[in-house]
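Bear in mind these aren't lab numbers, they're just calculated from the coordinates by the rules spelled out. This one's a predicted model, so the numbers in the text were calculated from it and none came from an experiment. Cβ sites come from the backbone with ideal geometry, for glycine too, and all protein chains shown count toward neighbours.
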Amino acid sequence: MAERMINRLPAHLAKDDDPESLRFADALSRQFRLDEHEWQVVIRAATTLDELVKLEDAAADAPATVKGSMGQTVANPLFAEIRAHRSTFNTLMKSLRLPTELQELEAVRTAEKGRMTVSERGIHAARARHGF
């Protein structure tokens, strides 16, 4: 969509105490034209990012091990949650299929070689942009 979607952030992301998600969503809305479905993925990713920041802050002061339910020493569950949130964030970002600078540069280089027709260059650039 042509409009910037940052003004359509849910209230829980637009709060002043959550600047990471706001900067993240703002950067994506400035750089890419997102449709409604992509914007919903960005919102989910921003929420995951906020949760990840909070978990990492908590883990910074937490011990690496804690007592388990039977008194045994176990890894702090915060680390598993951090790993899960990172994985979720990465999965959401991959689902957007945002082009990387390297993909766009390669599309331009290939197109500049002149070995393709105009249509082929357009198809190649679109595939690079959308990860096909």
* Between residue 94 and residue 81, what is the label-to-label distance in nm when each label sits 7 Å out along the Cα-to-Cβ direction? -> 2.5
* Structure fact -> Here D for segment 30-98, in µm²/s, from Stokes-Einstein with a Kirkwood Rh over Cα pairs at 4 °C and 1.567 mPa s, works out to 94
* **3J(HN,Hα) from dihedral phi, segment 51-61, Karplus parametrisation 6.51/-1.76/1.60, rounded to Hz, x for glycine, proline** => 5, 5, 4, 5, 5, 5, 4, 5, 6, 4, 9
* Asked: Say R0 is 22 Å: what FRET efficiency, to the nearest 0.05, do residue 64 and residue 20 get from their beta-carbon distance?
  -> 0.35
